[in-house]
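The values are calculated or read from the model by the stated rules, or taken from the named source; none is laboratory data. Values in this document were obtained by computation on a predicted structure and should not be read as measured data. Because the Cβ atoms are built from the backbone with ideal geometry, glycine has one as well, and the counts that use them run over all protein chains shown.
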């Protein structure tokens with residue numbers, strides 16, 4: 001039913017648990033597509049042995065390029081972006097399927113009730129500790145907890161994992177690579193969805209997913225996504241999320257502008273940021289030689305598809 005895109009960077013135990021949860025707890029047949037960043041921990045060998053469709057890069061190219069690369073292989077009408085450190089609980093896709101049917105063709109961004117082991121103060125996330133990784137994961141406890149949950153749908157909220165139509169994904173061009181390796185790329189994606197008319201941003205109460213929590217971002221040099229978002233769009237992430245995404249839950253159709261309007265404070269901050277080398281300063285600090293990690297740029301003659309980048 002869905003094309004599930006999973007970027008993974010040397011995170012094999014989490015990836016195995018994630019895919020196992022999809023296979024065991026899904027009511028429908030889904031297409032799983034993994035982008036393997038580097039894969040020196042055995043990930044690349046494992047996905048090939050499992051016969052999982054995948055793309056591959058010689059190093060960590062970040063979430064934006066990884067998702068775009070994997071999305072090329074997607075054949076289903078709906079695309080789900082799932083982190084490799086997430087665990088799907090029974091009924092997760094039934095909840096999404098019912099939500100998709102109810103949309104009646106409307107453009108929408110759907111996400112699950114997200115459960116994390118640590119309370120970070122994020123009101124959009126449910127805190128309940130069932131382990132911080134595969135080594136101490138209490139699956140039985142989690143399944144009992146989610147089976148007893150009573151969670152209603154919530155509008156005006158956009159979290160991960162993300163489910164959108166493949167048509168909408170391609171209409172906005174996927175994720176923007178200037179946000180590499182990925183900080184604030186989600187909010188940039190939301191802005192692009194807003195500009196093409198998406199007004200449904202909904203957490204589906206019947207879909208519950210556990211998130212061990214940011215097992216890759218601590219290993220990278222982060223881009224200053226808030227600055228990059230403001231420089232690109234002229235409005236801060238906070239003002240956009242509060243003034244538009246959140247308000248979409250209650251605003252009457254047509255009352256929110258199709259093009260967001262930046263308040264004075266956002267415009268002033270943009271002027272102050274203007275002297276920086278946006279976005280090249282962050283891109284250079286993260287990886288000054290990104291092309292070297294993209295095997296498809298250099299295809300040896302006579303090479304097999306796997307040798308040309310793992311596209312099975």
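Observations on the model:
Matching residues to (1) under 13 Å from the mean Cα position of the chain (by Cα); (2) closer than 21 Å to residue 203 by Cβ:
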position: 22; (1), (2): no, yes
position: 29; (1), (2): no, no
position: 35; (1), (2): yes, no
position: 49; (1), (2): no, no
position: 95; (1), (2): no, yes
position: 109; (1), (2): yes, yes
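- For the stretch 156-196, filtering for residues that are without any contact (Cβ under 8 Å) to a residue 40 or more places away in the chain and within 18 Å of residue 97 (Cα to Cα) leaves 0.
- Residue ID - modelled with the lowest pLDDT, chosen from residues in the stretch 60-75 that are touching a helix residue (DSSP H, G or I) at 6+ places or on another chain (Cβ under 7 Å) and outside any helix (DSSP H, G or I): 61
- Filter result (in a loop (DSSP other than H, G, I, E, B) and surrounded by 15 or more Cβ atoms within 10 Å (Cβ to Cβ)) within the stretch 257-275: 260, 262
- Every residue from the stretch 230-252 that is under 26 Å from residue 113 (Cβ atoms) and either assigned to a loop (DSSP other than H, G, I, E, B) or touching a residue at least 40 places away in the same chain (Cβ under 8 Å) (or both): 237, 240, 241, 244, 245, 246, 247, 248, 249, 250, 251
- For the stretch 190-201, the criterion of being out of contact with any strand residue (DSSP E or B) (no Cβ under 8 Å at 6 or more places or on another chain) and closer than 30 Å to residue 13 by Cβ is satisfied by no residue at all.
- Single condition residue 278 does not satisfy, out of (1) surrounded by 11 or more Cβ atoms within 10 Å (Cβ to Cβ); (2) assigned to a helix (DSSP H, G or I); (3) under 28 Å from the mean Cα position of the chain (by Cα): (2)
- Of the candidates 55, 89, the single residue that is closer than 23 Å to residue 192 by Cβ and touching a helix residue (DSSP H, G or I) at 6+ places or on another chain (Cβ under 7 Å) is 55.
- Taken as a whole, the stretch 112-121 holds at least one residue that is at pLDDT below 95, surrounded by fewer than 19 Cβ atoms within 10 Å (Cβ to Cβ) and touching a strand residue (DSSP E or B) at 6+ places or on another chain (Cβ under 6 Å).
- Strands (runs of 3 or more DSSP E) wholly inside the stretch 2-59 containing at least 2 residues that are under 19 Å from residue 160 (Cα atoms) and in contact with a strand residue (DSSP E or B) (Cβ under 6 Å, 6 or more places away or on another chain): 2-9, 31-37
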